[in-house]
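Trainee: A single structure is presented below for examination.
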Amino acid sequence: MMFLKADTVIGRSLDLYGEWCESEMAVLGQVLRPGDWVLDAGANVGTHTVFFAKAVGNRGRVVAVEPQRLVRNILCANLALNDLQNVRVVDAALGAEQGKVSIAGFGLDEKRNHGRFSLEGAEPGKEKVAVRTVDRLGLKHCHLIKIDVEGFEREVLQGAADLIAQKQPAIWFENNVEEHDLALTSWFVERGYSLHWHFDGRFNPNNFRAVRRNIFETVKMPSINMLALPVDGREPPRGVMAMEPGDTIEIARQRWSSRML
């Protein structure tokens, strides 16, 4: 995998541990089958994209959407390095409506968490990027949607309403902001989906390089995602926790921590 040397989170994890968000892959690997179609909304440098492409095999397809030009170049390089030919890369952001937005560009040598890029509250910047809806991407099939767009999740879902109603895919989305939590979970409940929590402290003690040092131990908030499954008798995978009535992010986090003890 190629990565940004200045990226203090994803790049640093790939460099030190040889992996990133391995527990997420363990969950999503149970959802996918050879021949499936996956939409990766917010693909970044392709850690999940590469995993998805290998999981679904040559008969499957992955559509990876990434608006940041320099990051997208690294994504394409990683697909080439892994000899993956079943991935279509889309040069755009995803939203509720088609259009364009100006975004601020970041230098490759700027030390920061490059995965925290968001269109939410975007101000005029150096680059204009297209905003597309999922419904206009022309996906013939869709079995899984992964959404990591830093606060723009609801807009992506609104632009995918037709596809979701027709194809009923499983949906993996980031949900780590209390102010957005109720609106997100309500959107799925209204459409007959069941919801399941997943908390990841980012450090995997059984990481690929067997490095024992936890560089994320001072991070107060873990990576928080939810898996939404259509209520069709589908069993949830191992490694997630069902959302209960009255759950907030903090209540669910405490319940998850108790379960891990």
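The values are calculated or read from the model by the stated rules, or taken from the named source; none is laboratory data. A quick note: this is a predicted structure, and the numbers were derived from the prediction, not measured. Here Cβ is always computed from backbone atoms with ideal geometry, including for glycine, and neighbour counts include all displayed protein chains. These area figures cover heavy atoms from the full protein model, side chains too; ligands, DNA and RNA do not enter into them. Shrake-Rupley method; radii C 1.70, N 1.55, O 1.52, S 1.80 Å.
Trainee: At a Förster distance of 30 Å, what's the computed FRET efficiency of Asn82 paired with Ala210, Cβ-Cβ distance as r, to 0.05?
Mentor: Taking R0 as 30 Å, the efficiency between Asn82 and Ala210 is 0.85.
Trainee: What does the net charge come to around Met25 if you take all other residues with beta carbon closer than 12 Å to its beta carbon, with K and R at +1 and D and E at -1?
Mentor: Overall, the nearby charge balance is -2.
Trainee: Please give me, ordered by residue number, the trypsin sites (Lys or Arg not before Pro) of the stretch 1-75 that lie in loop per DSSP and have at most 12 other Cβ atoms within 10 Å.
Mentor: Here the sparse-neighbourhood loop sites are Lys5, Arg59.
Trainee: As a test of reading the structure, rank Arg238, Arg136, Arg255 by solvent-accessible area (1.4 Å probe, protein chains only), most first.
Mentor: Arg238, Arg136, Arg255
Trainee: Defining a contact as two alpha carbons under 8 Å apart and six or more residues distant in sequence, what relative contact order in percent does the chain show?
Mentor: 19
Trainee: If you take the square roots of the eigenvalues of the alpha-carbon gyration tensor of the stretch 1-106 and sort them as a ≥ b ≥ c, do you get rounded (a/c under 1.5), prolate (a/b over b/c) or oblate?
Mentor: It comes out oblate by the Cα gyration axes.
Trainee: For Arg33 paired with Gln98, estimate the spin-label separation in nm (one decimal), with each label point 7 Å from Cα along the Cα-to-Cβ line.
Mentor: Placing both labels 7 Å beyond Cα along the Cβ direction yields 3.4 nm.
Trainee: Can you show me the helix-derived [θ] at 222 nm for the chain, built from DSSP H runs with n ≥ 4 at -39,500 (n - 2.57) apiece and divided by the number of residues, rounded to the nearest 500.
Mentor: It comes out at -8500 deg cm²/dmol, rounded to the nearest 500.
Trainee: Then there's this: Keeping all protein chains in place, calculate the accessible area per residue for the chain (probe 1.4 angstrom), answer in Å².
Mentor: I get 49 Å² per residue for the chain.
Trainee: On to the next question. Residues in the stretch 8-45 near a label at Thr218, defined as backbone nitrogen under 15 Å from the 7 Å Cα→Cβ point?
Mentor: Those under the cut-off are 8-9.
Trainee: Next up: Keeping all protein chains in position, work out how much accessible area Glu178 exposes to a 1.4 Å probe, and write it in Å² to the nearest 10.
Mentor: 90
Trainee: Over 18 Å between Cα atoms: which of Lys54/Lys167; Lys140/Lys167; Lys5/Lys100 fall into that group?
Mentor: Listed pairs above 18 Å: Lys54/Lys167; Lys5/Lys100.
Trainee: Further question on the same structure: Under the rule a/c < 1.5 gives rounded, and otherwise a/b versus b/c splits prolate from oblate, where does the stretch 149-197 land using the Cα gyration tensor?
Mentor: prolate
Trainee: Relative contact order of the stretch 132-222, please, whole-number percent, based on alpha carbon pairs below 8 angstrom and at least 6 residues apart.
Mentor: Rounded, it is 24 percent for the stretch 132-222.
Trainee: Now for a separate question. Classify the chain as rounded, prolate or oblate, taking a ≥ b ≥ c as the square roots of the eigenvalues of its Cα gyration tensor: rounded when a/c is under 1.5, otherwise prolate if a/b is larger than b/c and oblate if not.
Mentor: Rounded.
Trainee: For the full complex of protein chains and a 1.4 angstrom probe, list Leu70, Leu14 by accessible area with the highest value first.
Mentor: Highest to lowest solvent-accessible surface, that is Leu70, Leu14.
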